[in-house]
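First the structure, then my questions, so here it is.
The values are calculated or read from the model by the stated rules, or taken from the named source; none is laboratory data. Everything quoted here is computed from the prediction, not taken from an experiment. Don't worry about glycine lacking a Cβ; one is built from the backbone with ideal geometry, like all the others, and counts go over all protein chains shown. To get the accessible areas, we keep the full protein, side chains included, count just its heavy atoms, and leave off ligands, DNA and RNA. Shrake-Rupley method; radii C 1.70, N 1.55, O 1.52, S 1.80 Å.
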Amino acid sequence: MVAEERPGAERWVPGKPTLAGLRAAATECRGCELYRDATQVVMGAGLRRARLVLLGEQPGDQEDRHGKPFVGPAGRVLDRALDEAGIDPADTYRTNVVKHFRWRARGKQRIHQTPQQAHVTACAPWLAAELAVHRPVGVVLLGGTAGKAIYGSSFRVGERRGQLTDWPTRVEVDHPPDWVLPTTHPSAVLRAEDRDAVYDGLVADLRVASRALAG
Ligand code: SF4
């Protein structure tokens with residue numbers, strides 16, 4: 001992979017973004033090579049007035065096919081956990097740090113591959129633009145890739161989960177959120193041997209976000 005193949009998304013991001021404008025512009029993005037093997041770009045979904053941004057890793061197989069984030073099995077876990085935590089779905093905007101599905105073939109299956117740091121960096125201008133439009137009160141980081149995108153490569157979910165933290169100065173945005181809350185990605189529930197325990201942990205963390213939103 002040569003550097004020229006990952007110029008980054010900056011040149012495709014409109015100057016005065018709206019959600020509709022971002023969605024339209026992102027279909028043209030060639031900021032890295034991931035667009036080639038994906039069905040379509042998957043930008044965030046939710047209302048402009050949503051106070052909470054839920055930030056995951058990348059679209060999965062179902063998200064890639066439908067063009068919407070968190071519509072697969074992990075999304076259903078997230079929906080249930082938000083409901084139990086008392087967070088109104090209409091108060092959330094769901095998106096990912098990388099907007100195209102990275103996968104490899106195994107027979108007829110498409111197997112998820114974790115995006116590299118270079119993909120996260122290339123795609124970062126889209127997230128910055130989404131945050132500029134939303135100006136959220138809080139951001140929930142779902143899993144390690146989202147955490148590393150915001151706090152750097154030393155981030156570990158287990159060390160920070162469930163704790164309200166400040167937006168790091170290393171990530172420049174026009175209007176930083178009041179707080180950030182790391183937790184596990186809902187797909188971790190599906191992979192866990194003890195699904196109930198991992199799910200309960202996710203709900204407990206989301207309750208911290210729910211209380212913070214309530215002020
Ligand atoms: S993953 Fe991000 S930077 Fe790469 S092509 Fe897709 S939208 Fe552009």
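Per-residue ellipticity at 222 nm for the chain, helices alone: DSSP H runs ≥ 4 residues times -39500 (n - 2.57), over residue total, nearest 500 deg cm²/dmol?
Helix-only estimate at 222 nm: -11500 deg cm²/dmol.
Tell me, what ³J(HN,Hα) does each residue in the range 133-142 have, in order and in whole Hz, if you take phi through Karplus 6.51 cos²θ - 1.76 cosθ + 1.60 with θ = phi - 60° and put x for Gly and Pro?
Residue by residue, the range 133-142 yields 6, 7, 6, x, 6, x, 10, 9, 8, 9 Hz.
Moving on to the next point. What ranking of Lys99, Lys108, Lys148 comes out by heavy-atom accessible area, probe 1.4 Å, highest first?
Most to least solvent-accessible, the answer reads Lys108, Lys148, Lys99.
Top to bottom by accessible area (1.4 Å), largest first, where do Tyr151, Tyr199 land?
Largest accessible area first, the residues go Tyr151, Tyr199.
Next question, about the same structure. Going by average Cβ neighbours within 10 Å, how do the peptides 33-40, 111-118 rank, with the highest at the top?
33-40, 111-118
Also, quick follow-up: Using a 1.4 Å probe, what is the accessible area per residue for the chain, in Å²?
Computed with neighbouring chains in place, this is 49 Å² per residue.
If you take every DSSP beta bridge fully contained in the chain, what fraction is antiparallel? Give it as a percent rounded to 5.
Beta bridges within the chain, antiparallel portion: roughly 35 percent.
Right, something else. Cα centroids of the range 35-94 and the range 112-190: how far apart, whole angstrom?
First find each Cα centre; the distance between them is then 14 Å.
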